[in-house]
Amino acid sequence: MKTLNWLIPGLVLIIAITSCQKEQKPPNFLFVLVDDQSPFDLQQYDAKSILETPNIDKLAEGGMVFESARHMGSWSGAVCTPSRHMIMSGRKVWDLPSYGKQFDNPSCPDSLELQTIGAVFNRAGYSTMRTCKKGNSYQAANKQFIVLHEASKRGGTEETGSAWHGLQVLDYLKTREETEDENPFFIFFGFSHPHDVRDGTPELLAKYGAVNHRDTTSFPTSNPKQPGLQENYLPKHPFFHGHPGLRDEERVSGVWKRRDTLTIRNELGREYACSENIDIQLGKVLNKLEGMGELDNTYIFYTSDHGIAIGRHGLMGKQNLYEHTWRVPFIVNGPGIKAGTRVEGNIYLVDILPTLCDLAGIQIPETVNSLSFEPVLKGEKESIREVMYGVYSGGTKPGMRCVKKGDWKLIKYDMMDGAVRETQLFNLAENPHEYLPEHGKSGELETNLANNPKYANKLAEMEDLLLEQMKKNNDPYRMWDQEN
């Protein structure tokens, strides 16, 4: 009996240790990446939006919304390509691997793909799975995931649209149950929408009053269910965007070079139809995780590879640096994240990999040269940097550059062999929509402040800051009025 009494405390201790170990199970990750979505499509960023996304809203209500999350930029008209390289590798825009004729970087580390998300989480004992569009991404990094399903699905049916990506995740989770896979998981849940061609499902197109317009000789019809024009809509950008023959501005089916109100409102309706379908598929996966008892231990990231214009400022694509395109939606929900919080953040998509590593307790690869925003997620900081830098150099060089600090933002354009040289200075607190003189707001507020002598000192300060950031981020170009 004495022996039994002596053993019981030991058994209690063993049981307690075992219970503690179960409670300390590594977190799971569901990383949701959509293709071409402006944050201002969502009600979380624009209360006037008619787009309904109840599952995304629920994530935001139970988690953290970032006000200032941005893609760093692009050296390609396919802005998604460098963006996805940055997400996967944690390396900044000018430090990525060479990519065909578009970008050359001989100093990039060898075998970098072995230091990207899939490979890093594989080594840490995670079961990894990825579904996403095919192409315009970091293919060598994509192949590191144990389970990989890639296909571009931009149609309006279950098989040809967003439901296909959702089904891959649902099937994967079902297989985990059947095989009793107890490893933590990392699921890269990518979509091909709302990138064009925005062929929504018939019922959602009807909801937003849109049609899949194909006829180049006619205009889509007006429908009161369509979204209204964005507040910074223009029928034409005031100067050339600097990229001759740019697909997004000239050859998108249903839009082409048109910026009339009928075309833009119809296209916004198509965008919203595709975005709500994404929300529906996300909801199915979240319900499945909840049924499996995995949801409470899963970090969920929701974001886009970049924003997009769709009529704002008279532009259609993602090859610009206005807020609707430079910013991305960014929501994180998961263990320990305070519900219903909004933060400035000042994060880039390139910061995702080191943040994931910190949350999982994994060592950050030495190849990463970005920052973890785990302190923001923990409520320890409001943001991780003061200054944000952006680039578009996919057309004529050097292209566009911007810098933001506090409420102030500078955008510079140097394109078409010097034929297009423009400077824009905005106070985003007073002019959050970046209205230009062409918006007809004269008398209500000052728009572009770059030519106002009253702001000469602020302009000089921002010019210096831009050059500093270009040097800091290994930008190989200089604008026409910058020193080397």
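The values are calculated or read from the model by the stated rules, or taken from the named source; none is laboratory data. Keep in mind that this is a model prediction, so the values were computed, not measured. Note: ideal-geometry Cβ built from the backbone for every residue, glycine included; neighbour counts use all protein chains shown.
Applying the condition of being hydrophobic (A, V, I, L, M, F, W, C) and assigned to a loop (DSSP other than H, G, I, E, B) to segment 79-114 and asking which residue is nearest to the chain's Cα centre (by Cα) yields V79.
Quick grid of which residues meet (1) among the acidic types (D, E); (2) at pLDDT 95 or above:
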| residue | (1), (2) |
| --- | --- |
| D414 | yes, yes |
| A419 | no, yes |
| Q424 | no, yes |
| Y435 | no, yes |
| G440 | no, no |
| E446 | yes, no |
| E483 | yes, no |
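Check D464, D475, D481 and return the single one that is on the phi < 0 side of the Ramachandran plot, acidic (D, E) and in contact with a Phe, Trp or Tyr (Cβ under 9 Å, 6 or more places away or on another chain).
Working: D464 fails: in contact with a Phe, Trp or Tyr (Cβ under 9 Å, 6 or more places away or on another chain); D481 fails: in contact with a Phe, Trp or Tyr (Cβ under 9 Å, 6 or more places away or on another chain).
The unique qualifying residue is D475.
Taking the stated definitions as given, is D358 under 14 Å from the mean Cα position of the chain (by Cα) and of a type in the set (D, E, K, R)? Criteria not met by D358.
Of the residues making up segment 123-147, those that are within 24 Å of the chain's Cα centre (by Cα), assigned to a helix (DSSP H, G or I) and not hydrophobic (A, V, I, L, M, F, W, C) are Q139, N142.
Consider Y389 carefully, then state whether it is of a type in the set (F, W, Y), over 30 Å from Q115 (Cβ atoms), under 25 Å from the mean Cα position of the chain (by Cα) and not assigned by TED's automatic domain parsing to the domain that holds V79. So Y389 does not fit the description; no. If only residues of segment 180-237 that are aromatic (F, W, Y) and over 30 Å from K284 (Cα atoms) are counted, the one that is surrounded by the most Cβ atoms within 10 Å (Cβ to Cβ) is Y233. Taking the criterion of being more than 21 Å from K412 (Cβ to Cβ), polar (S, T, N, Q) and in contact with an Asp or Glu (Cβ under 7 Å, 6 or more places away or on another chain), the only residue of segment 218-269 that qualifies is S253. Among the residues of segment 462-476, just one is without any contact (Cβ under 8 Å) to a residue 24 or more places away in the chain and more than 23 Å from L96 (Cα to Cα), namely D464.
Residues are listed down the side, and each one gets a yes or a no for (1) surrounded by fewer than 21 Cβ atoms within 10 Å (Cβ to Cβ); (2) in contact with a helix residue (DSSP H, G or I) (Cβ under 7 Å, 6 or more places away or on another chain):
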{"position": "V79", "(1), (2)": "no, no"}
{"position": "M88", "(1), (2)": "no, yes"}
{"position": "V93", "(1), (2)": "no, yes"}
{"position": "G125", "(1), (2)": "yes, no"}
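Exactly one residue out of R154, R176 is touching a Lys or Arg at 6+ places or on another chain (Cβ under 9 Å) and in contact (Cβ under 8 Å) with a residue 24 or more places away in the chain, and it is R154.
Being under 29 Å from V350 (Cβ atoms) and assigned to a strand (DSSP E or B) is a description that applies to L425. Looking at I278, I308, I264, just one residue is over 23 Å from M129 (Cα atoms) and touching a Ser or Thr at 6+ places or on another chain (Cβ under 6 Å), and that residue is I308. The residues of segment 432-484 that are surrounded by 19 or more Cβ atoms within 10 Å (Cβ to Cβ), among the charged types (D, E, K, R) and either part of a loop (DSSP other than H, G, I, E, B) or not assigned by TED's automatic domain parsing to the domain that holds K405 (or both), listed by number, are E434, D475. Output the residue which, of all residues in segment 30-77 that are among the small types (G, A, S) and surrounded by fewer than 23 Cβ atoms within 10 Å (Cβ to Cβ), is nearest to S275 (Cα to Cα). Step by step, filter segment 30-77, then rank; the result is S49. Test L286 against the stated conditions and say whether it is in a helix (DSSP H, G or I) and crowded, with 23+ Cβ neighbours inside 10 Å. Spelling it out, it is not the case that L286 is in a helix (DSSP H, G or I) and crowded, with 23+ Cβ neighbours inside 10 Å. Of the strands (runs of 3 or more DSSP E) that lie entirely inside segment 308-413, those containing 2 or more residues that are of a type outside the set (V, I, T), crowded, with 24+ Cβ neighbours inside 10 Å and touching a Leu at 6+ places or on another chain (Cβ under 9 Å) span 387-392, 399-405.
T303 falls short of the stated requirement of being within 23 Å of L436 (Cβ to Cβ) and surrounded by fewer than 24 Cβ atoms within 10 Å (Cβ to Cβ).
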